[in-house]
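Asker: Pasting a structure here, questions to come.
Values quoted throughout were computed directly from the atomic coordinates according to the rules given, and no laboratory measurement underlies them. In this text the structure is predicted, and so the values were computed from the model without any measurement. Every residue, glycine among them, receives a Cβ derived from its backbone with ideal geometry; neighbour counts consider all protein chains shown.
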């Protein structure tokens, strides 16, 4: 049974409080916040003022995914939100080990995200220091994209790396996750599923969370 982290990027931005409170009453485990800067990815989502408002209404732990350049500049701001997880991109961090240690020093789970083209092997020298690895199963920047099929095999490779090194890192998958792809990802070794449009676009989002959690 995987943990479920609904992505607020697919929520109704005109009625965020309603959608967050709806997730509070669901079986979801975390609330996933996608931060985009228009530089690292070709889109802009929301910043800290909006996230503070979200945090004030959420009773679920926050999983903050920074799709931005120089994410290390905002470690303390993410901590101030009360975040459980801070996810930074491998591709955005020149000194990744240092950033991971800074995140952990603030008491948060340190997550590293890989874009679809980035191989799992690049984490060999840091995997034992990580609390979580997130694989992007779409190209980052926009919600509602089609699932990249090789993500299932990539999940299997990451699971083997974690198991052979003795790492305790969780595997999180973000992009195109629904009941069908989610079932295959869990079978491949995924621990956490991020789902946006599959949840917030469902007739009954709370029931959809329960269905994904039962995979």
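Asker: Averaged over all directions, how much area does the convex hull of the C-alpha atoms of the range 1-96 cover when projected, in nm²? Can you show the working numbers first?
Answerer: Details: hull surface 26.1 nm².
Its average projected convex-hull area is 6.5 nm².
Asker: Can you sort 136, 36 so the residue with the fewest Cβ neighbours within 10 Å comes first? Display every interim value, and only then the final one.
Answerer: Numbers: 136 26, 36 21.
Arranged by neighbour count, lowest to highest, 136, 36 become 36, 136.
Asker: Also, quick follow-up: By what distance, in whole Å, do the Cα atoms of the range 84-192 stretch along each of the three principal axes, largest value first?
Answerer: 37, 31, 24
Asker: Please give the calculated 222 nm ellipticity per residue for the chain, where each DSSP H segment of at least 4 residues contributes -39500 (n - 2.57) and the sum is spread over every residue; nearest 500 deg cm²/dmol?
Answerer: On the way: 8 runs with 73 residues, N = 215.
After summing the helix terms and dividing by the residues of the chain, the value is -9500 deg cm²/dmol.
Asker: Calculate the translational D of the range 145-200 in whole µm² s⁻¹ from Stokes-Einstein, where the hydrodynamic radius comes from the Kirkwood formula applied to all Cα pairs, the temperature is 10 °C and the viscosity 1.306 mPa s.
Answerer: Values: Rh = 11.5 Å.
Estimated via Stokes-Einstein, D reaches 138 µm²/s.
Asker: While we're here: Can you work out D for the range 53-101 in µm² s⁻¹ from Stokes-Einstein, where Rh is the Kirkwood radius over C-alpha pairs, the temperature is 4 °C and the viscosity is 1.567 mPa s?
Answerer: Numbers: Rh = 11.5 Å.
The Stokes-Einstein estimate is 113 µm²/s.
Asker: Compute the separation of the alpha-carbon centres of the range 23-57 and the range 1-15 and state it in Å as a whole number.
Answerer: Taking the Cα centre of the range 1-15 as reference, the centre of the range 23-57 is 9 Å away.
Asker: Given points 7 Å out from each Cα along the Cα-Cβ axis, report the residue 183 to residue 44 separation in nanometres with one decimal.
Answerer: Once both label points are built, they end up 4.2 nm from each other.
Asker: So, one more: Taking the Cβ of each residue in 120, 69, 209 as the centre, tally the other Cβ atoms inside 10 Å and list the residues starting with the fewest. List each step's numbers first, then the result.
Answerer: Numbers: 120 19, 69 14, 209 24.
The order, fewest Cβ neighbours first, is 69, 120, 209.
Asker: Write down the percent of antiparallel bridges among all DSSP beta bridges whose residues are both part of the chain, to the nearest 5.
Answerer: On the way: 1 of 33 bridges.
Around 5 percent antiparallel, to the nearest 5.
Asker: Place a point 7 Å from the Cα of residue 204 along the Cα-to-Cβ direction; which residues of the range 1-27 have their backbone N under 17 Å from it?
Answerer: It comes to 22-27, nothing else.
Asker: Taking the number of other C-beta atoms within 10 Å as the exposure measure, put 64, 50 in order starting with the fewest.
Answerer: 50, 64
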